[in-house]
Amino acid sequence: MHKISTCAVALAITLVGLTAFAQDKSSTQTSTERDVAKLSKDGNMAMRDIRQARIAIFNGQPTQAKALTNEAQVAFEKAKTDETAFTKAESDLRAPSGTTQHGSSAAASTTPKTWIPVDGSMTLGEDYIDTPEKSSSVAKANEQFKKGDHKHAMETLKLANIDVSFVLEVAPLENTMTGIKKAAQLIDTGKYYEANQALKGVEDGFRLDVTDVDATPKGAANKTPKAATSALSHK
């Protein structure tokens, strides 16, 4: 059983709070070119708008639901042009160890499509063993993350030979935009139950994708046995 300090567990916080959002970019990247620690600011806003719109429908507030759905449409339209958008086959997305992939009841498509990272978290590698030195480095990295200094936080972890993993919640671009548009049209015609189902369908289309970041220098790789993959706890 691995010993994880309370300080280490504190690193498992949402990326929204610890890293800068991506800037606009005209082209979509492949999964190997992107910065896995970046989220789409507009995509994250759209995700929150979708969830709030469903709550508004449940509470009998169609006007608010329509406004939120419209905002989600605008935000996601912007999200498709920022630098976080990437192409990857759904079958290549990897859920955290011990976690069932969203939508696992359906066969995952092998055709590459565009995804937008809308939420996420970061945790320490499963082979993390607590020591006073590593605990101190984790505490320092936490403070750097809180200040938005993602670059130096990662350098702090790397110098301490601490591996981390990122788990992202990603939305399929085209399906999400189609679903939001459909929900807006249903709200316009007073079909609120159906609109809620359309928005639920959008959320059901979100998937998880884990990327392990090995911070251990190659020279130290033979000194400390490391697990092949890192496990994450979904937030």
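Taking the conditions (1) surrounded by 15 or more Cβ atoms within 10 Å (Cβ to Cβ); (2) over 21 Å from Ala46 (Cα atoms) in turn, Ala106 satisfies each one other than (1). Counting residues in the stretch 57-78 that are among the polar types (S, T, N, Q) and either in contact with a Ser or Thr (Cβ under 7 Å, 6 or more places away or on another chain) or within 25 Å of Thr156 (Cα to Cα) (or both) gives zero. Residues that are at pLDDT below 90 and surrounded by fewer than 17 Cβ atoms within 10 Å (Cβ to Cβ) do not occur anywhere in the stretch 171-185.
Where helices (runs of 4 or more DSSP H) sit wholly within the stretch 54-171, those with at least 2 residues that are farther than 24 Å from Ala195 by Cα and touching a helix residue (DSSP H, G or I) at 6+ places or on another chain (Cβ under 6 Å) occupy 132-146, 150-159. Scanning the stretch 62-73 for residues that are more than 17 Å from Gly205 (Cα to Cα) and either touching a Leu at 6+ places or on another chain (Cβ under 8 Å) or surrounded by 15 or more Cβ atoms within 10 Å (Cβ to Cβ) (or both) yields Pro62, Gln64, Ala65, Lys66, Ala67, Leu68, Asn70, Glu71.
The values are calculated or read from the model by the stated rules, or taken from the named source; none is laboratory data. Given the structure is predicted, the values throughout are model-derived calculations rather than measurements. A quick note on method: Cβ atoms are made from the backbone with ideal geometry, for glycine too, and the neighbour counts reach across all protein chains shown.
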